[in-house]
1. Take segment 182-192 and flag every residue that is crowded, with 20+ Cβ neighbours inside 10 Å and not aliphatic (A, V, I, L, M).
2. Looking at segment 252-262, can you tell me whether even one residue there is touching a residue at least 40 places away in the same chain (Cβ under 8 Å) and either in contact with a strand residue (DSSP E or B) (Cβ under 7 Å, 6 or more places away or on another chain) or outside any loop (DSSP other than H, G, I, E, B) (or both)?
3. Do you know which residues across segment 135-155 are touching a residue at least 24 places away in the same chain (Cβ under 8 Å) and of a type in the set (A, V, I, L, M, F, W, C)?
4. From (1) of a type outside the set (A, V, I, L, M, F, W, C); (2) in a helix (DSSP H, G or I); (3) surrounded by fewer than 17 Cβ atoms within 10 Å (Cβ to Cβ), pick out the condition that doesn't hold for Arg170.
5. Can Ala146 be described as of a type in the set (Gly, Ala, Ser) and crowded, with 21+ Cβ neighbours inside 10 Å?
6. I'm trying to understand the selection: among the residues of segment 209-264, which are among the polar types (S, T, N, Q) and under 30 Å from Leu26 (Cα atoms)?
7. Is it the case that Glu32 is in the same structural domain as Leu105 (by TED's automatic domain parsing), of a type in the set (Asp, Glu), touching an Asp or Glu at 6+ places or on another chain (Cβ under 7 Å) and in contact (Cβ under 8 Å) with a residue 40 or more places away in the chain?
8. Collect the residues in segment 1-19 that are modelled with pLDDT of 95 or more, over 15 Å from Arg211 (Cα atoms) and of a type in the set (A, V, I, L, M, F, W, C), keeping them in residue-number order.
Amino acid sequence: MPPIIEIDRLSKQYGSGTKALDDVSLDIAKGEILALLGPNGAGKTTMISIICGLVVPTGGTVRVDGHDIRTDWRAARRLIGLVPQEIALEPFEKVISTVRYTRGLYGMPPDEAWIEQVLRSLALWDKRDAATRELSGGMKRRVLIAKALAHRPKVLFLDEPTAGVDVALRREMWQVVGDLRNSGVTIILTTHYLEEAEEMADRIGVINKGRLLLVKPTAELMGEFGKKRLTIELDQPLAAIPAGLEGRGLELSEDGRSLGYDYDTRAERTGIARLLADLAAHGIAVRDVATKQSSLEDVFMALVAGEDAA
């Protein structure tokens with residue numbers, strides 16, 4: 001099955017000389033959720049804006065379901081829905097009216113059954129006659145998604161979809177995104193909530209300084225770059241790491257009651273058994289041990305730090 005989005009050597013350089021995108025190539029499969037991560041100014045929004053026809057690229061090509069965004073822009077744009085980061089709604093307009101209006105902008109005929117289905121799927125049907133100014137921040141974001149879905153797009157871009165939303169509403173939004181994917185919509189999201197990408201995305205792309213550093217399945221990324229931390233709780237506190245155990249990568253806690261040890265889960269030998277044996281040989285009694293998988297945030301920071309140092 002061909003990808004629904006094909007990005008080939010996409011570049012964008014502004015008149016000031018700033019290179020927002022640098023030779024980015026990426027294929028996005030139908031029905032997947034792809035999360036784009038990167039610091040502010042990395043090029044995430046620029047890439048989305050180019051695909052959506054809001055910014056003209058300097059070089060490269062983009063095809064959406066086979067339609068070139070520059071030579072066949074009308075067909076390409078009709079396949080895309082965009083949920084911007086900023087909440088921009090007419091405050092006195094009814095929810096259902098603003099969704100109907102957006103559908104009309106794409107030249108689509110009225111379809112009240114579809115509008116109702118979209119509003120119900122986003123838990124907005126009971127609010128259909130409410131003015132948008134009466135809605136909470138989370139509900140307003142749902143209206144933005146409804147507007148983006150009004151013309152039945154195959155691809156949905158979500159630029160920071162849960163920015164400013166509390167934890168409970170964020171979880172609800174994750175469910176909405178999952179339901180959309182299950183209905184066959186391809187979703188590309190940018191987010192600063194790394195747990196959001198780890199929880200939802202099939203694949204994760206990391207962008208920094210306009211360059212796409214990598215794109216990998218989420219589980220593979222965590223397995224390849226993730227490490228585990230072993231915390232060893234001691235029976236008696238230590239004043240310092242004993243002689244003979246320096247250089248083993250051990251970190252003594254401030255209160256001296258635990259040791260930290262990072263190890264690679266992919267290594268043939270983690271060194272844990274040898275370490276515990278050496279602690280016993282030094283007369284250090286262990287009360288308990290615990291392991292913790294490194295988070296996507298740890299992986300992301302390591303990738304970006306490595307790129308910045310290059």
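The values are calculated or read from the model by the stated rules, or taken from the named source; none is laboratory data. Because the structure is a prediction, the values reported are computed rather than measured. Virtual Cβ from ideal backbone geometry, glycine too; neighbours counted across all protein chains shown.
1. Selection gives Thr186, Thr190, Thr191.
2. No, there is no match, as no residue in segment 252-262 is touching a residue at least 40 places away in the same chain (Cβ under 8 Å) and either in contact with a strand residue (DSSP E or B) (Cβ under 7 Å, 6 or more places away or on another chain) or outside any loop (DSSP other than H, G, I, E, B) (or both).
3. Scanning segment 135-155 gives Leu135, Val143, Leu144, Ile145, Ala146, Ala148, Leu149, Ala150, Val155.
4. (3)
5. yes
6. Thr218
7. Answer is yes for this residue.
8. Ile4, Ile5
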